[in-house]
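**Q** Take this structure, written in structure tokens, and hold onto it; I'll ask about it next.
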């Protein structure tokens with residue numbers, strides 16, 4: 001294709017059109033900026049200078065001067081909520097809802113923001129009322145998610161199950177199974193074992209790997225003196241999540257003792273300890289060996305386990321075992337060593353949430369910090385950190 005010299009005339013034309021378009025955009029921007037109140041630009045300046053409190057006051061003044069700044073209303077309301085100033089956020093969004101000229105989509109947005117304000121403020125009944133109104137709107141998905149959070153906070157598990165079933169992409173079978181476990185645990189407290197068993201069967205139908213359901217099934221059987229059935233339920237956990245066996249080790253031991261099959265229980269637990277090392281499992285087996293074979297055998301058990309899985313918590317248990325048959329002249333030194341080790345192990349003997357890192361002395365099925373289900377590993381912090 002040959003180049004024609006007349007085509008050079010197109011370049012000035014293109015540049016001219018671009019310059020004209022830029023001028024039009026600049027004039028439009030200048031016209032819009034002049035329409036904004038001066039306090040709006042003061043607020044921006046305070047933000048740039050990292051003075052958020054003064055920026056907020058300037059933006060509030062901008063809203064007062066020009067009530068048409070709808071987006072600024074929403075931005076300020078969200079900012080107040082994040083800062084914990086829920087009363088100001090509530091007033092901001094209520095003022096929007098009282099405006100008769102507000103479009104329907106903006107009213108829905110303002111109503112949703114007000115629901116978030118109430119939720120943040122802990123006014124769960126008022127938040128629930130708002131999100132329930134939004135269930136049939138275009139904001140239904142977000143409304144249902146917030147309702148699910150509210151029902152979990154209120155421990156209204158029946159409603160949580162219903163709303164979670166409407167959110168298949170958000171609420172997993174694992175979480176719904178946990179709701180049924182919560183209902184089962186409540187029925188067990190009331191000694192309504194048939195209802196509890198029904199909820200646990202539903203939980204396993206939702207999630208066949210629900211460890212908690214198997215654990216509670218074993219508890220029901222144990223309470224009804226069906227010790228073999230209890231052992232079967234707890235042993236099922238090996239296929240569902242073997243690391244959770246530490247949670248049922250003492251339960252298994254109690255059931256075998258009730259059946260006068262202590263040695264069988266010891267063999268089972270020692271096998272678990274061999275395959276799935278755990279400090280909690282070690283503690284149960286240690287007590288069993290100590291009772292049956294004496295302190296020296298218990299000491300050898302802990303020493304061998306410490307060689308296999310070296311931890312400070314295990315070393316603390318080793319010192320405890322050694323003190324049981326220590327000579328009087330070395331006992332003070334062992335006591336001193338144990339006291340020093342324990343000063344470090346207190347913060348290691350905790351459970352940690354995989355999701356948010358929150359640590360607790362007791363095991364939780366639902367993290368009290370982030371609300372995640374089954375986010376706690378049944379391993380203590382130290383051995384969890386050492387796991388590859």
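**Q** If you find the alpha carbon centre of segment 260-321 and of segment 141-176, how far apart are they in angstrom?
**A** Each part's Cα centre sits 42 Å from the other's.
**Q** Additional query: So if I restrict to the alpha-carbon atoms in segment 129-230, what is the Rg, and what is Dmax, the biggest pairwise distance, in Å?
**A** Cα-based Rg and Dmax for segment 129-230 come out at 15.7, 54 Å.
**Q** Report Rg/Rh for segment 164-219, rounded to two decimals, where Rg is the Cα radius of gyration and Rh the Kirkwood radius. All intermediate terms of the calculation are to be shown ahead of the outcome.
**A** Details: Rg = 11.0 Å, Rh = 11.0 Å.
My calculation of the ratio gives 1.00.
**Q** Plugging the Kirkwood radius over Cα pairs into Stokes-Einstein for segment 67-166, at a temperature of 4 °C and a viscosity of 1.567 mPa s, what D comes out in µm²/s?
**A** 94
Here, each number is a calculation from the coordinates, and none is a lab measurement. Every value quoted in this text rests on a predicted model; they were computed, and no experiment measured them.
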